[in-house]
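**Q** Quick one: the structure is below, and I'll ask about it shortly.
The values are calculated or read from the model by the stated rules, or taken from the named source; none is laboratory data. All figures in this text were calculated on a predicted structure; none of them were measured in a lab. Cβ: placed from backbone, ideal geometry, glycine included. Neighbour counts: every protein chain shown.
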Amino acid sequence: MTSGEPDVQRRILTVLVGAQVLSGAGLAAGITVGALLAEQMLGSTGLAGVPTALFTIGSAATAAAVGRISQRSGRRAGLTLGYAAGAVGSGAVVVAAVLGNVPLLFAALLVYGAGTATNLQARYAGADLASPARRGRAVSVVLVATTLGGVVGPNLVSVTGGVATAWGIPALAGPFLLAGVAYAVAAAVLGVLLRPDPLLLARELATAPGPGGTTAPDVAGSRAGVVLGATVMILTQIVMVAIMTMTPVHMAAHGHGVGAAGVVIAVHVAAMYLPSPVTGWLVDRIGRIAVAALSGGTLLLAGVLAAVAPDDSVALLTVALALLGLGWNFGLISGTAIITDAVPLASRATTQGAVDVCIALSGAGGGLASGLVVATAGFPTLALAGGVLALLVLPVIVATAGARRATAG
């Protein structure tokens with residue numbers, strides 16, 4: 001939200017930031033205790049990982065739906081309905097916990113995943129009216145706002161648990177009360193204040209005669225750009241989720257406590273979002289392709305460091321996970337800008353939703369595969385393989401270069 005942005009774009013980013021802070025709190029609070037609540041209700045750890053899988057499936061389904069609704073009726077409608085669904089899912093989780101109803105819990109967690117998808121889809125709304133020279137920074141503003149809520153949410157777990165207990169609700173359902181309120185307020189903020197609608201206004205400006213539009217013409221029909229942008233984000237998601245998921249397990253196997261693992265993951269999450277303003281500036285300044293390539297190199301370095309870190313070195317593992325988060329950040333922001341540049345307004349939101357479905361599903365696949373790799377070959381092999389996998393972005397950049405240049409020309 002800099003002075004270089006038109007007034008309407010600054011207003012839209014301000015509204016999106018407010019909604020993202022709220023939704024980030026709801027997202028983080030619920031995810032923090034989802035596995036614990038499932039374990040408590042099931043009386044077993046065997047299915048404690050189901051909530052994460054359900055979040056992901058619900059997120060993938062919602063990403064497609066939000067994309068289609070946004071394409072037809074604008075970002076305000078898509079994002080508002082997505083957050084409203086997340087609020088409904090959060091409330092249903094609380095009801096399931098009170099009733100001790102496991103099938104209802106699983107169904108509610110699917111709907112709760114709508115909040116996750118909508119939180120991520122909001123980054124596209126920040127880029128709709130941004131000029132091509134400022135799209136990276138616009139995306140970064142929306143992403144970094146999620147961090148603020150993400151820090152607050154987990155720290156309110158004890159407070160919301162106490163409130164829930166006072167109301168006769170299981171303590172672990174308390175964070176879902178917060179999530180429900182946060183998502184509902186985020187939906188209200190967007191529904192009332194996200195005016196003008198950024199996607200609809202961008203279409204009007206694109207068809208208006210004469211100069212003065214706030215967006216430059218998109219690279220119409222650039223399939224190569226879509227392939228590249230999607231590949232960058234999918235690869236970074238697979239690598240990040242796979243290594244992140246197994247890091248606490250690896251640490252526990254070598255005698256490190258939950259506190260140490262918590263610090264490593266906290267640093268990792270901070271590195272995923274806090275560098276966003278710098279990354280956005282780099283994307284706009286040195287280019288999307290350069291930062292996409294940088295994401296592959298950063299993830300390779302993260303994988304190598306994680307693989308060679310001595311079992312007793314929490315410090316080196318922390319550095320590796322910080323680089324893992326940073327590489328993901330490079331990939332997400334550069335990939336988002338590439339997709340937004342490449343897709344015409346007539347199909348932009350639908351395509352973006354479809355890409356986010358692929359991102360969500362690839363992350364789920366990476367998480368599931370990571371356990372099998374560690375069980376059979378060990379954590380160092382997983383970390384190194386993930387780093388090497390990230391380098392696949394380089395041949396994709398080369399393979400699509402000619403098509404992208406031809407389309408741009």
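**Q** So if I check each of GLY367, GLY387, GLY371, GLY363, which one is in contact with a Ser or Thr (Cβ under 6 Å, 6 or more places away or on another chain), of a type outside the set (A, V, I, L, M) and either surrounded by 15 or more Cβ atoms within 10 Å (Cβ to Cβ) or assigned to a helix (DSSP H, G or I) (or both)? Lay out the reasoning, then the answer.
**A** On the way: GLY387 fails: in contact with a Ser or Thr (Cβ under 6 Å, 6 or more places away or on another chain); GLY371 fails: in contact with a Ser or Thr (Cβ under 6 Å, 6 or more places away or on another chain); GLY363 fails: in contact with a Ser or Thr (Cβ under 6 Å, 6 or more places away or on another chain).
Residue meeting the stated conditions: GLY367.
**Q** Which condition breaks for ALA53 when tested against (1) of a type in the set (Gly, Ala, Ser); (2) at pLDDT 90 or above; (3) on the phi < 0 side of the Ramachandran plot?
**A** In the conditions (1) of a type in the set (Gly, Ala, Ser); (2) at pLDDT 90 or above; (3) on the phi < 0 side of the Ramachandran plot, ALA53 misses (2) alone.
**Q** Looking at (1) closer than 22 Å to ALA230 by Cα; (2) without any contact (Cβ under 8 Å) to a residue 60 or more places away in the chain; (3) surrounded by fewer than 23 Cβ atoms within 10 Å (Cβ to Cβ), which one does LEU326 not meet, given that it meets all the others?
**A** For LEU326, the failing item is (3).
**Q** Among the candidates ALA302, ALA266, ALA260, ALA307, single out the residue that is farther than 30 Å from ARG72 by Cβ and without any contact (Cβ under 8 Å) to a residue 12 or more places away in the chain.
**A** Details: ALA302 fails: without any contact (Cβ under 8 Å) to a residue 12 or more places away in the chain; ALA260 fails: without any contact (Cβ under 8 Å) to a residue 12 or more places away in the chain; ALA307 fails: without any contact (Cβ under 8 Å) to a residue 12 or more places away in the chain.
The match here is ALA266.
**Q** Look at VAL227 and say whether it is at pLDDT 95 or above and in a helix (DSSP H, G or I).
**A** no
**Q** Determine if segment 95-110 includes at least one residue that is in contact (Cβ under 8 Å) with a residue 12 or more places away in the chain, under 17 Å from the mean Cα position of the chain (by Cα), farther than 25 Å from PRO6 by Cβ and surrounded by fewer than 24 Cβ atoms within 10 Å (Cβ to Cβ). Break it down stepwise before answering.
**A** Looking only at segment 95-110, we keep the residues that are in contact (Cβ under 8 Å) with a residue 12 or more places away in the chain, and these are 95-98, 100, 102, 104-110.
Checking the rest, the ones that are also under 17 Å from the mean Cα position of the chain (by Cα) come to 110.
Imposing the further condition that a residue be farther than 25 Å from PRO6 by Cβ reduces the set to 110.
If we keep only those that are surrounded by fewer than 24 Cβ atoms within 10 Å (Cβ to Cβ) as well, we get 110.
Yes, segment 95-110 has at least one match.
**Q** For segment 138-188, which positions are outside any helix (DSSP H, G or I) and β-branched (Val, Ile, Thr)?
**A** Correct list: ILE169 only.
**Q** Of everything in segment 122-148 that's surrounded by fewer than 24 Cβ atoms within 10 Å (Cβ to Cβ) and closer than 28 Å to ALA53 by Cα, which residue is modelled with the highest pLDDT?
**A** VAL144
**Q** Assuming ALA399 fulfils every condition listed in (1) closer than 30 Å to PRO310 by Cβ; (2) surrounded by fewer than 16 Cβ atoms within 10 Å (Cβ to Cβ) apart from one, which condition is it?
**A** (1)
**Q** Separate question: Report, ordered by the first and then the second residue, all pairs with beta carbons closer than 7 Å, sequence separation of six or more or different chains, a first member in segment 41-64 that is outside any helix (DSSP H, G or I), and a second member that is modelled with pLDDT under 85 and surrounded by fewer than 23 Cβ atoms within 10 Å (Cβ to Cβ).
**A** THR45/GLU39; ALA48/ALA35; ALA48/GLU39; GLY49/ALA35
**Q** Another question about this same structure. Restrict the check to segment 303-311 and report whether at least one residue is at pLDDT 95 or above, out of contact with any Cys (no Cβ under 7 Å at 6 or more places or on another chain), within 15 Å of MET272 (Cβ to Cβ) and not assigned by TED's automatic domain parsing to the domain that holds THR147.
**A** For segment 303-311, residues at pLDDT 95 or above, out of contact with any Cys (no Cβ under 7 Å at 6 or more places or on another chain), within 15 Å of MET272 (Cβ to Cβ) and not assigned by TED's automatic domain parsing to the domain that holds THR147: absent.
**Q** Of the residues in segment 298-318, how many are closer than 30 Å to ALA403 by Cβ and surrounded by fewer than 17 Cβ atoms within 10 Å (Cβ to Cβ)?
**A** Final tally of qualifying residues: 0.
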